[in-house]
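**Q** Here it is, the structure in full.
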Amino acid sequence: MSSLLEKLPAELLDIVLESLSYLDKDDDHDSYEGISSVLAAPQLKKLFCNGFGSVAHAYPWVCAPGTSNVRSLTLNYGNFTTPEVVEILGSCKALRKIKICWTAFKSPPGRQHQALPKFDVDTKALLVALSAHSQTLERIVLTNLRQEGSTFKHQPPFNSLQQFCMLRTLRIDEALLISGGSGWQASSLNRNLPPALKTLVIHSSLEIESLGDIIMACSQYGGTKLTELQITFAPSEELEDDYPDMYRVEGGEDDKTWFLGMMAYGGCDRAAFRCWEQPMAPLLAAMAESIGENGIQHLLDMQYSESTDSEDGEAVDDGDPMDEDVDGGDDDEG
């Protein structure tokens, strides 16, 4: 769609943009200067951008503050600077769903790009920009899943997300939730998270042995509507040697309400924990205590104690959250 738009003459482009409701733009390293301001298209409700960033393009796509009708915005695998993100968010009237996945650009074959800038995100400025949509945002995805810990580690975490009263789904790097110095043991998700979350996904850059501290912190979250918790860990070359049972596929127990093993995330297999027990907090607290006393292997033993038909070496494919549409369904146009 985007390659077609850039070839249109200006008079036809204006007509198309007047009625455009959805645009999926992939960076194929062509010029998009023919599109003066995508966000200004009056009917545009949903914009998906993959592989864009300031190093590859100086793309004039923002519009006057608070004038864009875009409700669902995805900035996927781009090296956007914080001022660019702030300007884009400021262009939108009332976002419902947003996904920003940062990553450093790799030069395409046969081309040389300027040196990549230091890749830090100003978390204070980002939170201010997001907070302008705190009464409408239902889903937030903020991650640097392919390079855990490198994007946000030099910045303070968000001081609070409680103002996002409509937020139901949050996928987020742990560095945005906790201070690197204090860690999970001193965290308070009750102060950081909104009370009405239904799905919480945390991408951790720590080792799998930190699972006990993380789920203990999650067990103390006071939100009563949480129906699913996921925690993923960075890939580790030692994981298969240390915990070979982590690579077994869950099997045979339909009544199970939790899972610990390998899952497909961000283009590779990662150790992951999932829980959908209701209510969740008592089980999480018991698991955290068990891990503290007996270690991760004990949890794996519990999981597979009654399984007889498990397969080796496969990861559960729960879908790639970085490739999924930020919408999670059709927009409610009402």
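**Q** Within the stretch 133-149, does at least one residue satisfy the condition of being part of a loop (DSSP other than H, G, I, E, B), modelled with pLDDT under 85 and among the small types (Gly, Ala, Ser)?
**A** Among the residues of the stretch 133-149, at least one is part of a loop (DSSP other than H, G, I, E, B), modelled with pLDDT under 85 and among the small types (Gly, Ala, Ser), which makes the answer yes.
Results for (1) within 24 Å of GLN163 (Cβ to Cβ); (2) modelled with pLDDT of 90 or more; (3) of a type in the set (S, T, N, Q), shown as yes or no for each residue.
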residue	(1), (2), (3)
PRO195	yes, no, no
LEU200	yes, yes, no
SER210	no, yes, yes
GLY223	yes, no, no
GLU253	no, no, no
ALA272	no, yes, no
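**Q** Report whether or not LEU206 is of a type in the set (A, V, I, L, M) and out of contact with any Leu (no Cβ under 8 Å at 6 or more places or on another chain).
**A** It is true that LEU206 is of a type in the set (A, V, I, L, M) and out of contact with any Leu (no Cβ under 8 Å at 6 or more places or on another chain).
**Q** Also: Select from the stretch 184-218 the residues that are farther than 17 Å from ARG274 by Cβ, part of a helix (DSSP H, G or I) and touching a residue at least 40 places away in the same chain (Cβ under 8 Å) and list them in ascending order.
**A** GLU209, ASP213
Yes or no, residue by residue, for (1) buried (at least 19 other Cβ atoms within 10 Å of the Cβ); (2) farther than 19 Å from ASN144 by Cα; (3) touching a strand residue (DSSP E or B) at 6+ places or on another chain (Cβ under 9 Å); (4) charged (D, E, K, R):
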position	(1), (2), (3), (4)
TYR221	yes, yes, yes, no
LYS225	no, yes, no, yes
THR232	yes, no, yes, no
ASP242	no, yes, no, yes
TRP258	yes, yes, yes, no
TYR265	yes, no, yes, no
CYS268	no, no, no, no
CYS275	yes, yes, yes, no
GLN278	no, yes, no, no
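**Q** Just to verify a result, which residue in the stretch 60-78, among those that are crowded, with 19+ Cβ neighbours inside 10 Å and at pLDDT below 80, is farthest from ILE88 (Cα to Cα)?
**A** TYR77
The values are calculated or read from the model by the stated rules, or taken from the named source; none is laboratory data. These numbers come from a predicted model, not from an experiment. Every residue, glycine as well, gets a Cβ built from its backbone with ideal geometry; the counts of neighbours run over all protein chains shown.
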